[in-house]
Amino acid sequence: MDGAMGKWRGDRWGAMAVALVSAASLVLQYVILVRATADTIGPTLATVRFFSYFTILSNLLVTAVAMAAVVQADGRAGRWLRRARVRGAAALYIGMTGLVYVLILRHLWQPQGLQWWADSGLHYVTPALYLLWWLLTPGHGRLGWRDAVAWLAFPALYATWVAARGAVVQEYPYPFIDVGALGWAKAGGNAGLMLLLFCMASGVLVEIDRRLGARLAPAWRREPARGE
């Protein structure tokens with residue numbers, strides 16, 4: 001009993017750290033963006049721009065998942081956010097957020113002051129904390145390959161939204177999918193490569209989950225993986 005309670009407490013405190021860092025970074029980034037665009041596009045369009053970044057959406061999901069683990073609410077939303085496939089989806093999306101930023105985007109600008117704090121929280125600290133929490137949290141071995149495929153729906157929908165919004169306002173959140181600068185062929189090819197990277201990463205996460213589940217099966221009851 002004491003061991004199980006210790007694991008639960010570790011799960012909860014780790015989730016609380018993730019939620020605090022992610023939520024604080026999101027609020028800070030929103031305030032910075034609204035202030036910077038107050039005399040140009042205004043708060044309404046700034047809010048639309050804010051929610052058009054994959055970084056923001058992935059951090060929002062992480063915050064929600066982490067808060068659900070902290071609160072342990074028994075409502076439908078809380079139970080859904082605590083499901084293994086939702087936690088896995090958050091791991092995929094926030095992991096890709098950090099990876100793409102480190103490999104591609106961090107070289108393109110040098111944030112200063114408060115922007116540096118928001119940038120570090122969203123792209124470095126939150127991905128690292130959440131992935132560590134996900135790896136150490138009990139309950140692995142429940143994911144299946146259907147989950148890995150289902151996770152790709154959100155990046156595909158996001159790419160569709162970016163293309164549709166960009167066609168209207170001529171603005172794209174990331175330079176590697178900027179149709180105005182690259183053209184449809186190049187930007188579409190980059191989006192396809194990104195989706196392939198998501199596909200590979202989702203497969204890696206499922207395999208990690210299965211290996212952890214098999215390793216920890218004697219300690220925690222393993223539920224059948226979806227699709228098995």
Open item on the list: I'd like the distance separating the alpha-carbon centroids of the stretch 162-217 and the stretch 69-146, in whole Å.
Closed with: 15
TODO: Multiply the residue gap between ARG211 and LEU114 by 0.36 nm, knock off their C-alpha separation, and tell me the result in nm, one decimal place.
DONE: 30.9 nm
- [ ] Could you pull out every whole DSSP H run in the chain that spans at least 20 Å of Cα extent along its own axis and averages -0.5 or higher on the Kyte-Doolittle scale?
- [x] 2-36, 54-71, 84-100, 153-169, 184-216
Task: Per-pair calculated FRET efficiency, R0 = 22 Å: LEU193 and TYR124 via Cβ, rounded to 0.05 - done: 0.40
Task: FRET efficiency, VAL102 to VAL31 (Cβ-Cβ, R0 22 Å, nearest 0.05) - done: 0.35
Open item on the list: Can you tell me what percent of all Cα-Cα pairs in the chain are more than 28 Å apart?
Closed with: 34
TODO: Give me D for the stretch 17-131 in µm² s⁻¹, whole number, from Stokes-Einstein with Rh from the Kirkwood sum over alpha-carbon pairs, 10 °C and 1.306 mPa s.
DONE: 108
Open item on the list: Run lengths n ≥ 4 of DSSP H only: what is the helix-derived mean residue ellipticity at 222 nm for the chain, with -39500 (n - 2.57) per run over all residues, to the nearest 500?
Closed with: -23500 deg cm²/dmol
Task: Rough spin-label spacing in nm, given labels placed 7 Å along Cα→Cβ, for ASP39 and VAL169 - done: 2.0
TODO: For the stretch 115-205, just say rounded, prolate or oblate: build the C-alpha gyration tensor, square-root its eigenvalues into a ≥ b ≥ c, call rounded for a/c under 1.5, and beyond that prolate if a/b exceeds b/c, oblate if not.
DONE: oblate
- [ ] Return the distance in nm (one decimal) between the two label points of a simple spin-label model at MET200 and LEU132, each offset 7 Å from Cα along Cα→Cβ.
- [x] 2.6
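Laboratory data are not the source of any read-out in this text; all were calculated from the coordinates shown. In this text the structure is predicted, and so the values were computed from the model without any measurement. No Cβ is skipped: glycine too gets one built from the backbone with ideal geometry, and neighbour counts run over all protein chains shown.
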